[in-house]
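This structure is in structure tokens; I'll ask about it shortly.
Only the coordinates and a few stated rules stand behind these numbers; no lab work does. Because the structure is predicted, anything quoted here is derived from the model rather than measured. As a convention, Cβ positions derive from the backbone with ideal geometry for all residues, glycine included, and neighbour counts pool all protein chains shown.
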């Protein structure tokens, strides 16, 4: 990048607008780099803006946990910009009128942003690009925060991928590290007086999200710290520890990636800090590939959050069970591993990926509750809620999505606890009323004698709930429902999928 003019030498005539969305970072940001390069060449200021638009029918309002994260992340971004001599302009409302007003107030003739691929975002961006182009505004979009563009990666037949393994093979073969560039040290700021909504007016706080501060550091600095910790301490063993909720065996980068506080290309390259990381890094990169695959699917099947991709599942006989849904949400199902996961989610805004699969399977298959009810709860309570990942992963567990697990793969919460929480540390942390039980007793406290329960100071139904369903009966009911919509008789494979 050429030498940047200082604010004192810049003309306020025709500044450049830089529109932040889910790319709340200064480093490795294609739109930011392009806007600053244009500003340097033309001697213009750059005005950074963020618009919270939940007014469109296409937009899905953010969940409470996401609002908390976004508020913290915007605060960090504004602080970083002020260190460079400018500030973030915040607005709330319908995007196009806000952009038109900013253009009228500043005289801007150029707008830069990074592409997004979710259906509502695409609709809004197309409308804005057309409307502003008609006004003579130069609208320039740049690479989004994915390893590939969903419009470019296709099968040999020219169709979208529907199976992950060939998708991943093609992506791996073709991938080259994307845009990487250090954060700018200075900023060509405007001296214009531009109104900005106060952060508090955007209503980002929720009382129940206060404990999140003990677990997270939102913002670009927090994202790079998380990547560094992962690369140094976790990546080498990631392939074997990522399924252990009792261990610090994952990257915890998902919310940082969801909000674009770190580039996926930086995550790809930065995870390989040590030569011996090999297998762990490859396993981690495959998970980044799943992130891409889910967005690839959403781009080509925009109804993913609302409609099962596999048509037979659209008539699945789900049950309306408000009490059962509430028990699941509160971590009061009587199944310790399920309850531990749901309580971790409520207290931290996050849940271990292995446990996400277990609690989702339990809701859908043990309780026969619609996967969309679970997806909606995750949307509200996850700090890493993302339209593609949320819907894609719920459909995967439900067996109704692209390259999904078979429906009859029904997780056994007791076996999962024995395999992946072998010492019971995860359950004891999040379900402390069971802490006095012996490890072998933890997965199924309802099977214990009155004497065993009394020794641990537990009265089932009082100190800890009795199971809301019985595993074997619930499993049989789920398989019956599956046969009803699939038209299949007894499936001999089903017995192989008690996992």
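Run the simple label-point estimate for residue 232 and residue 13 please: 7 Å along Cα→C-beta, distance reported in nm.
Taking the simple label geometry, residue 232 and residue 13 are separated by 5.1 nm.
Where does each of 321, 28, 214 land when they are ranked from fewest to most other beta-carbon atoms within 10 angstrom?
Details: 321 18, 28 24, 214 8.
Placing the least packed residue first, the sequence is 214, 321, 28.
What fraction, in whole percent, of alpha-carbon pairs in the range 293-401 exceed 19 Å separation?
Within the range 293-401, distances greater than 19 Å cover 40 percent of Cα pairs.
Then there is this: Once the Cα atoms of helix 64-82 and of the chain are each reduced to a long axis, what angle between those two axes, in degrees from 0 to 90 to the nearest 10, is obtained?
30
Then there's this: Can you give the Rg to Rh ratio of the range 311-497, both from alpha-carbon atoms, with Rh computed by the Kirkwood formula?
Details: Rg = 16.4 Å, Rh = 17.0 Å.
Reported Rg/Rh (Cα atoms, Kirkwood Rh): 0.97.
Determine the distance separating the Cα centre of the range 77-125 from the Cα centre of the range 19-67; give it in Å without decimals.
First find each Cα centre; the distance between them is then 5 Å.
Something else: Rounded, prolate or oblate: which fits the range 172-286, taking a ≥ b ≥ c as square roots of the Cα gyration tensor eigenvalues, rounded meaning a/c under 1.5, else prolate when a/b beats b/c? It would help to have the intermediate numbers written out before the result.
Values: a/c = 2.85, a/b = 1.46, b/c = 1.94.
Oblate, because a/c is 1.5 or more while a/b does not exceed b/c.
How are the Cα pair distances of the range 331-383 distributed, in percent, across 10 Å bins from 0?
Histogram of Cα-Cα distances, whole percents per bin: 26, 64, 10.
The chain: D in µm²/s via Stokes-Einstein (Kirkwood Rh, Cα pairs, 4 °C, 1.567 mPa s)?
53
Okay, next question. Pairwise over distinct Cα atoms, reciprocal of the mean inverse distance: report the Kirkwood radius of the range 127-218 in Å, one decimal place.
Taking every pair of different Cα atoms in the range 127-218, averaging 1/r and inverting gives 19.3 Å.
Work out, step by step, the length gained on full extension between residue 454 and residue 225: first 0.36 nm times the residue separation, then minus their alpha carbon distance; give nm to one decimal.
Working: separation 229, 0.36 × 229 = 82.44 nm, distance 4.54 nm.
That works out to 77.9 nm of additional length.
For residue 307 and residue 100 in the same chain, what is the full-extension length gain: residue separation times 0.36 nm, less their Cα-Cα distance, in nm?
71.0 nm
Can you pull the Kirkwood radius for the range 7-144, inverse mean 1/r over Cα pairs, to one decimal in Å?
Final number for the Kirkwood radius of the range 7-144 is 15.5 Å.
Go through 336-347, 41-52, 454-465 and give me the packing order, highest mean Cβ count within 10 Å leading.
Those peptides, ordered most packed to least, come out 336-347, 41-52, 454-465.
Could I get the Rg over Rh figure for the range 234-301? Both from C-alpha atoms, Rh via Kirkwood, rounded to two places.
Using Cα coordinates only, the ratio equals 0.99.
For 138, 315, 283, 361, what ranking results if the residue with the fewest other Cβ atoms within 10 Å of its Cβ goes first?
315, 138, 283, 361
If each residue's Cβ is checked for other Cβ atoms within 10 Å, how do 22, 314 rank with the fewest at the top?
The order, fewest Cβ neighbours first, is 314, 22.
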